[in-house]
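Asks: One structure, as structure tokens, below. Some questions next.
What follows draws every value from the coordinates through simple rules; no lab data is involved. No experiment lies behind these values; they were computed from the predicted model shown. Glycine also receives a Cβ, built like all others from the backbone with ideal geometry; neighbour counts cover every protein chain displayed.
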Amino acid sequence: MKVIKNKITLSMLFSFLMMTVSPTVNAASRNDEETYGMAGCGLGSLIIHQDSRGAQLAVWLFNQIYSNQTFGISSGTSNCVAPPSVREAEQKVYFKANIATISRFAAQGSARDLDGLAEVFGCSGDAERLRLVETSRNNYGQIFASQDPEHVLQQYVNLIKADDILQRGCSRVI
């Protein structure tokens, strides 16, 4: 009986918070690179987009009541993904550290040789990985016109965005 009372109390508190922050729900107050506020990701962050303390408390409470945040984190859903700024930083670091290896494998490599590159761009399927290898070989001169890692990264991004298969299959392209 006490458990039911606690759930009813939590539901009432959540309802009150939702009414309190309702004018701010879905207000786009954050910039496009931020995907969630202080309360973190989860279903609540998809519903409430305001960064005020009350709104973030409502996000946290919603996520706790419906226990969806852990699932979102482990599955990469419910807004639980790295924001573009993090993906971009990871890609820049990867290209800076591996430019010589990427260049060599892009010229001669197989899909296995470019696994790291495919992983950085989120190309998970075999078809996408093979297409990335093919794109690397066919456009080698354009991609590696400069050995500057940022230039090479941008060339890859442009080529992936221009290819329907890669665009659909590579989820981490910035």
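Asks: May I ask you to list the residues of segment 58-72 whose amide nitrogen lies under 15 Å from a point 7 Å from Cα along the Cα→beta-carbon direction of Ser171?
Replies: Answer for this model: 71-72.
Asks: Provide the FRET efficiency to the nearest 0.05 for the Phe71-Asn139 pair, computing r from the beta carbons and using R0 = 41 Å.
Replies: After rounding, the FRET efficiency stands at 0.55.
Asks: Sticking with this one: From the alpha carbon gyration tensor of segment 44-169, can you work out the equivalent ellipsoid semi-axes (sqrt of 5 times each eigenvalue) and give them in Å, largest to smallest?
Replies: Ellipsoid half-lengths, sorted descending, are 37, 15, 12 Å.
Asks: Assuming R0 = 35 Å, can you tell me the calculated FRET efficiency for the pair Val157 and Arg104, based on Cβ-Cβ distance, to the nearest 0.05?
Replies: 0.95
Asks: Treating the beta-carbon of each Lys and Arg as +1 and of each Asp and Glu as -1, no other charges, what is the dipole magnitude of segment 65-174 about its Cα centre, to the nearest 20 debye?
Replies: That gives segment 65-174 a dipole magnitude of about 40 debye.
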